[in-house]
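Each remark here refers to the structure printed beneath this line.
None of the figures in this text is laboratory data; all of them are computed from the coordinates on show. In this text the structure is predicted, and so the values were computed from the model without any measurement. All Cβ positions, even for glycine, are placed from backbone atoms using ideal geometry, and neighbour counts span all protein chains on display.
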Amino acid sequence: MGVPATCTAFVGSRRIASGSLAEVALATKRVVDARSDEPVLIFDDASAHQVEIDFRGSADDVLARLDEGKASRGPGRPKLGVTAREVTLLPRHWDWLAEQPGGASAVLRRLVEDAMRHGGAKLRARQAGEAADRFMRTMAGNFAGYEEASRAFWRGEIERFDTLIAPWPVDVRDHLRKLAAIAWDESATS
């Protein structure tokens, strides 16, 4: 997983900050340094995966470690954003790739680009739905009405969903509404 374009941090059920990873890290560092007893969670806005940050040391130390994480890339052509990774295929797949013009990497890039163009809307809709569900499960899994709200979300029952999450803490509810709206918009276009 790469560096999130934007993320959102919560202390308990209160939103601390949203924005770039550096902005959110600094705002969260201030909360961590204030010794809040509530858990601090940072979410990638696109995937709702939790983002782990080492808050030891000064704010400059935290930012330096973020920059180290961005710079530590493996083999490939980093200036172009190319990263070498292992691909496991059956012998017949390698044989087929060997017969194609441009080499295996070029063929695989073309196949991926084609799949992204033609299956992108469905993939984006699935990913957006999973992100909303992941955030809801993490932040609201113990809230009253969670299971019904989850079912309403997946059924696309917007009014019922809004009614069920209305009593939840405002910051959690508002962030979840934002993620749900993205998922529903993507589903409508797929």
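What translational diffusion coefficient, to the nearest whole µm²/s, does the stretch 93-190 have by Stokes-Einstein, given a Kirkwood radius computed over alpha-carbon pairs, a temperature of 4 °C and 1.567 mPa s viscosity?
Rounded, D is 84 µm²/s.
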### Task
Tell me which residues come under 5 Å, amide H to amide H, from Arg15 once H is placed; ignore anything under 5 positions away on its chain.
Asp171
#### Entry: Total formal charge among the other residues, if their Cβ is under 9 angstrom from that of Ala131, Lys/Arg +1 and Asp/Glu -1
-3
### Query
Where does the chain land at 222 nm, in deg cm²/dmol rounded to the nearest 500, when only DSSP H runs of n ≥ 4 count, each adding -39500 (n - 2.57), divided by all residues?
-19500 deg cm²/dmol
### Relative contact order of the chain, defined on C-alpha pairs under 8 angstrom at six or more residues apart (%)
19
#### Entry: Spatial separation of Cα centroids for the stretch 123-166 and the stretch 22-38, in angstrom
27
### Task
Note the listed values (i) 13.9; (ii) 9.7; (iii) 12.2, then indicate which one is mean projected area of the Cα convex hull in nm² calculated from this particular structure.
(i)
## Note on the structure
Summed over the other residues with a beta carbon less than 14 angstrom from that of Gln100, with K and R at +1 and D and E at -1, the charge totals 0
